[in-house]
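Colleague: Sharing a structure, written as structure tokens. Questions coming.
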Amino acid sequence: MARARPSIEEARRALIVKPSSLGDVVHALPIPGLLKMANPDLRIAWVANPEWAPLVAGHPHVDEVIEFPRRAMRGLAAPARFWRWAKSALRAGGAPDLCLDLQCLFRSALIAKASGARWIGGLSDAREGAGLFYDASADVAGIAHAVDRYLAAPRQLLGIDFSAADVAFPLGEGEPVTPAPPDGFVLLHPFSRGGGKSLDPAAAAAYCGALAPRPVAVVGRFDAPCPLPGNAIDLLNQTSLAQLIWLARRAAFTISVDSGPLHIAAAAAAAHARAAYMVGSAEGRPVCQSRVGLEGRRVSAGRRAARRS
């Protein structure tokens, strides 16, 4: 039997369950600000996988980041480990008055239930039986972009009235790169694990050369040689997620293929009046596909995810 929704104005604690992945966590960043807009005294905790926790760390409206050690939750001992984690980490500050499960899978719904939340809300397209754990679900049928799907939760489930101007994508400070790139540098992320999305090394070098003499910091993962011109700062295979955030916040603008870091760049662009551009290649030549910005929802990878893990 569904429990009555607590008043957002009277709630003391709220929990957001959004453990992964990179782009999806970025898309959910506006939710804490909207909750705090409705109740400035609300204490908000966010459950995130350790590898994505830097995306939430430093969020001005998140009071606590609870890391969910997913990789430890394997094998026959996983249930016992899960309940020990729930007792020691998830319930340490007391049961939340309300919980929003934005991952909408069995595991995330179980986390929401294990928190002891007095009320749990999710989305109507929940999978793996997650909806059985919810007291209410926001109707997201026909909503294409992940950002708009997540925004349906506070609007429909909690009755929070907000405008586009209230939707922000704050990123934490990140971790400095030493030595720091010179002022005015461009951030280039040319490679992706997704098939067919990466530039080839020659195209990456061509972007750097076209921007000379402006310095270009080249980031990402790449396992083959990638010769770069003299104005390039080669940071391939050398930056953490926290350092990528730090770079995106400071770059004059970002050029990236369609991958997770593009969402970081788009969030930084929205928060710090920067520009971010999605690029690809055609017949071996680099082409600019679009300028992106989460306010306009023009990040192609930000459409409703085909998979959630």
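The values are calculated or read from the model by the stated rules, or taken from the named source; none is laboratory data. None of the values given here were measured: they were computed from a predicted structure. Backbone-built Cβ (ideal geometry, glycine too); neighbour counts: all protein chains shown.
Colleague: Pairs please, first residue from the range 166-193 and within 22 Å of residue 65 (Cα to Cα), second anywhere and polar (S, T, N, Q) and surrounded by 17 or more Cβ atoms within 10 Å (Cβ to Cβ), Cβ atoms under 6 Å, 6+ apart in sequence or on different chains.
Modeller: That search, which allows pairs on different chains as well, returns 175/243.
Colleague: Among the residues that make up the range 35-43, is at least one of them of a type outside the set (Asp, Glu) and either surrounded by 22 or more Cβ atoms within 10 Å (Cβ to Cβ) or touching a Cys at 6+ places or on another chain (Cβ under 7 Å) (or both)? Before you say what the answer is, go through the steps one by one.
Modeller: The initial filter retains those residues of the range 35-43 that are of a type outside the set (Asp, Glu), namely 35-40, 42-43.
Narrowing the set further to residues that are either surrounded by 22 or more Cβ atoms within 10 Å (Cβ to Cβ) or touching a Cys at 6+ places or on another chain (Cβ under 7 Å) (or both) leaves 35, 42.
Yes, some residue in the range 35-43 is of a type outside the set (Asp, Glu) and either surrounded by 22 or more Cβ atoms within 10 Å (Cβ to Cβ) or touching a Cys at 6+ places or on another chain (Cβ under 7 Å) (or both).
Colleague: Given the conditions (1) touching a helix residue (DSSP H, G or I) at 6+ places or on another chain (Cβ under 9 Å); (2) at pLDDT 95 or above; (3) within 19 Å of residue 201 (Cβ to Cβ), report the number of the one that residue 224 does not fulfil.
Modeller: Looking at each condition in turn, residue 224 falls short on (2).
Colleague: Here's a follow-up. Among what's in the range 57-113 and is within 25 Å of residue 23 (Cβ to Cβ) and loosely packed, with under 13 Cβ neighbours inside 10 Å, pick the residue that is farthest from the chain's Cα centre (by Cα).
Modeller: That would be 74.
Colleague: Here are 216, 177: which of them is touching a strand residue (DSSP E or B) at 6+ places or on another chain (Cβ under 6 Å), of a type in the set (Val, Ile, Thr) and on the phi < 0 side of the Ramachandran plot?
Modeller: Sole residue among the options that is touching a strand residue (DSSP E or B) at 6+ places or on another chain (Cβ under 6 Å), of a type in the set (Val, Ile, Thr) and on the phi < 0 side of the Ramachandran plot: 216.
Colleague: Same structure again: Restrict the check to the range 100-110 and report whether at least one residue is part of a strand (DSSP E or B) and either in contact with a strand residue (DSSP E or B) (Cβ under 6 Å, 6 or more places away or on another chain) or within 25 Å of residue 248 (Cα to Cα) (or both).
Modeller: Of all residues in the range 100-110, those part of a strand (DSSP E or B) come to 100-101.
Retained after the next criterion (residues that are either in contact with a strand residue (DSSP E or B) (Cβ under 6 Å, 6 or more places away or on another chain) or within 25 Å of residue 248 (Cα to Cα) (or both)): 100-101.
The answer is yes; a qualifying residue exists.
Colleague: Can you pull out the residues in the range 1-38 that are within 20 Å of residue 122 (Cβ to Cβ) and in contact with a Ser or Thr (Cβ under 9 Å, 6 or more places away or on another chain)?
Modeller: Across the range 1-38, the qualifying residues are 15, 17, 18, 19, 20, 21, 23.
Colleague: May I ask you to say which residue of 258, 223 is surrounded by 18 or more Cβ atoms within 10 Å (Cβ to Cβ) and over 19 Å from residue 182 (Cα atoms)? Can you show your working first?
Modeller: Details: 223 fails: surrounded by 18 or more Cβ atoms within 10 Å (Cβ to Cβ).
Only one candidate passes the filter, namely 258.
Colleague: Looking at the range 176-196 only, could you name the residues that are under 17 Å from residue 278 (Cα atoms) and surrounded by fewer than 20 Cβ atoms within 10 Å (Cβ to Cβ)?
Modeller: Result: 193, 194, 195, 196.
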